[in-house]
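Trainee: Below: one structure in structure tokens.
What follows draws every value from the coordinates through simple rules; no lab data is involved. Since this is a predicted model, take the numbers as computed values, not measurements. For neighbour counting, all protein chains shown are included, and Cβ atoms are generated from backbone atoms with ideal geometry for every residue, glycine included.
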Amino acid sequence: MKKTALSCLFVVCAHLSFAQLPITDAHYPDSLLKLSANTKSDSVKARSLFLLSDYWSDRDTLKSKKFLAKGLKYGNKYPYVKALYYYYLGGYYFLTNSSKSETNYLKADKQLSKFNSKEAFLFRSKCWMNYAILEFDVKDNSIMSIDIFINKVIPLVKKTGNIQHLAVNYHNIAMIFMDCQQYSKAEEYLRLSISLLEKQPTVYINELYQNHISLSRNYLYQNNTLPAKKELDKAKAFLIKTTDPINYMKFYIVEGTYYTTAKAYNKALQALKKGEALAVQAKEYNMQRNLSLEMYRLFTKQKSYQKALTVLKKNVEGLVVHKHSSDDQIYYFELSETYSKLGNSKMAYAWLKKYSKLKDSINAQEVEHKINALEVKFKTAEKEKKIIALNAENEKANLSAKNSKLLSWLFGIACLFLLIVAILGWLFYRSSKKLTVQKDLNHQQQIEDFDRRQKIKIVQTMLNAKEEEQNRVARDLHDGLGGTLAGIKINLSHYATKNKNNDDPELFRIMDQMEDSINELRRIAHNMMPEMLLKFGLEESLRDLCASLTSEKLNIDFKYLGAKHAFLPQQQISIYRIIQEAMHNAVKHAAAKNILLQCSQNDNIFYITIEDDGKGFDPAYLTKGMGIQNIKNRVAYLDGEMEILSAENKPGTSINIELNVIT
């Protein structure tokens, strides 16, 4: 009994998932006709006619086929529209010829698989959904139906992103599990469907109603009345927002089942009567059958077997259209049982005999189907053997061709390998030769670097010795000869005062010469060992040097920028000597009127810039005098670089020096 009722609900749900507009809308076919007449696009015209065929498929098959053929005429030149034609042709045969319907759905899916649009995925999912419904509803193949839904329909629907269609198919899967008495699985898929639809509850009112009413029925099959009532109330909240009379009929069926299970028989009968009145008014024969079956169950529970018999006889005697012989089989068995409970053994035996005869007939049909299936399998196996034999021959020929091709490839690869080895050997030889040359160059460079370092050490030793000798001579001149000359000057001054020779010009001339000698001696000593450098550091000694060179004919601008870090005394002496020599060259040889001396420091780099406006010269012909050579030696000692910018017969010279110092 359960299977028959569930099948009807299942088919109704599937039909609803395809509706483009409500089938109760009287303007729906007119709007499609108007669209097909006014549009200039053949593809739009064809699709409008296909929808009209779908609308009339369960109302007027002649009209349906007429519109379908007309649509094909316009859409035949479009591969996508032609693929849709097979989908709608499957819908045309859906209720009348399941075999043709399935064939056309498979053909539509094959042709639609060439397209990757969301709409193509949606129509493919509908093809497989209808195919699964036919497997379940016509062939009673629940396992195949579930397999198609889970492995074909759901993956395709997910590609479309259509929440409504995905939820409807989860509901369909739940209906099959419910029919197979897998109630926990059915609840799982119903909950999954509801969770999707609840994201937009105001949009999916009808779908939420379908899920809650189905979930209530699922609980009732398990005799769980409390959760069943909760789901029934939720369904009722959505029901009042819908206008479809079938939804009310289904509600009254489930409500009647609930009250029957709860033993509230009067309320159950009232609910079922309301549903029956609506079904009769709307001429919904499937709903009339379902309501009658629930009434039969109610009367049986009440042990009102005569009333139960009346309901069953109404179904059997043709007041309700039967779709399956298996339904008649159930009715015959229940009639036999009911007559037996009423004590009418004769009628009970008669209906039991009809039941057995129908059962044998159904079994015979099933046996015939199985024999046909085995025959098809046998023929298929024979064809497969021939195909395997042909394939084996083809594979043998292909293998021979592949072996020849493989040998050619191997020979080619071997030649290529030898060529690569030869190239690599040549490259290795060239690389080794380059490496040897590079090693020789590196060795030569190391020797040159070593010679340069040795020369720098020798020069530094010489400079240090020279500096020490100059310091010694400067001290001797200052302390010895300088003191002697100062004493002579003092004695002459005393002598002039004592002998009252204050007016003797010759004496004062000698004293002036003595004063000049003392000053010259001090200057020489100062140049050889600057006291300012020893006492106050590099900046003050350079400032003193500039002051000593400045005269009426020569202006010196000295700038000392950013050089705040003190460094080794020997380095300071070298820097001082470099600047001293360069400044003397500018004064002595360039006849400059203005000199700029700028010193700065950045980390361990000390920068010197000396610019003058005197006579220029060609640095390429610079003579290797002691002065310029000393400058170069000291720059090399401090691991520095020197640049001279000047040109012959042009005024101005610029010397830029960079020195590495240790702070």
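Trainee: Considering only the other residues whose Cβ falls under 9 Å of the Cβ of Ile595, what net charge follows from Lys and Arg at +1 and Asp and Glu at -1? Working shown, then result.
Mentor: Details: positive: Lys593; negative: Asp557, Glu611, Asp612, Asp613.
Combined, the nearby Lys, Arg, Asp and Glu give -3.
Trainee: Using modelled amide H (1.01 Å from N, peptide plane; none on Pro or chain starts), what sits under 5 Å from the amide H of Gly640, excluding residues fewer than 5 places away?
Mentor: Under 5 Å from the amide H of Gly640: Asn660.
Trainee: For the stretch 532-660, rounded, prolate or oblate, judged on the Cα gyration tensor with a ≥ b ≥ c (square roots of eigenvalues), a/c < 1.5 rounded, else prolate if a/b > b/c?
Mentor: The shape class here is oblate.
Trainee: Taking all pairs of different Cα atoms in the stretch 41-199, averaging 1/r and flipping that mean, what Kirkwood radius in angstroms comes out?
Mentor: Numbers: mean 1/r = 0.0616 Å⁻¹.
That comes to 16.2 Å for the stretch 41-199.
Trainee: For the stretch 577-641, what are Rg and Dmax over the alpha carbons, in angstrom?
Mentor: Gyration radius and largest Cα-Cα distance of the stretch 577-641: 12.6, 35 Å.
Trainee: Considering only C-alpha atoms, what is the centroid distance from the stretch 281-297 to the stretch 30-91, in Å?
Mentor: Taking the Cα centre of each part, the stretch 281-297 and the stretch 30-91 sit 34 Å apart.
Trainee: Counting other beta carbons within 10 Å of each Cβ, put Ile163, Ile194 in order, fewest first.
Mentor: Working: Ile163 17, Ile194 22.
Fewest to most other Cβ atoms nearby, the residues stand as Ile163, Ile194.
Trainee: For the stretch 29-63, which trypsin sites (Lys or Arg not before Pro) pass both filters: DSSP loop (anything but H, G, I, E, B) and at most 10 other C-beta atoms within 10 Å?
Mentor: Working: sites: Lys34, Lys40, Lys45, Arg47, Arg59, Lys63; in loops: Lys40, Arg59.
Sparse-neighbourhood loop trypsin sites (Lys or Arg not before Pro): Lys40, Arg59.
Trainee: Using Cβ contacts closer than 10 Å as the measure, can you line up Leu192, Leu72 from fewest to most?
Mentor: Values: Leu192 16, Leu72 20.
If I rank by nearby Cβ atoms, fewest first, I get Leu192, Leu72.
Trainee: Let a ≥ b ≥ c be the square roots of the eigenvalues of the Cα gyration tensor of the stretch 537-596; is it rounded (a/c under 1.5), or, if not, prolate (a/b larger than b/c) or oblate? All intermediate terms of the calculation are to be shown ahead of the outcome.
Mentor: On the way: a/c = 2.59, a/b = 1.80, b/c = 1.44.
Here the stretch 537-596 falls in the prolate category.
Trainee: Based on a Kirkwood Rh over C-alpha pairs, give the Stokes-Einstein translational diffusion coefficient of the stretch 88-166 at 4 °C and viscosity 1.567 mPa s in µm²/s. Could the numbers behind the result be given before it?
Mentor: On the way: Rh = 12.5 Å.
The estimated diffusion coefficient comes to 104 µm²/s.
Trainee: Out of all DSSP beta bridges with both ends in the stretch 532-660, state the antiparallel percent to the nearest 5.
Mentor: Values: 24 of 31 bridges.
Antiparallel bridges make up about 75 percent of those DSSP assigns within the stretch 532-660.
Trainee: Quick one: length gained pulling Ala69 to Lys118 fully straight, 0.36 nm per residue minus the C-alpha distance?
Mentor: Working: separation 49, 0.36 × 49 = 17.64 nm, distance 2.61 nm.
Here the answer is 15.0 nm.
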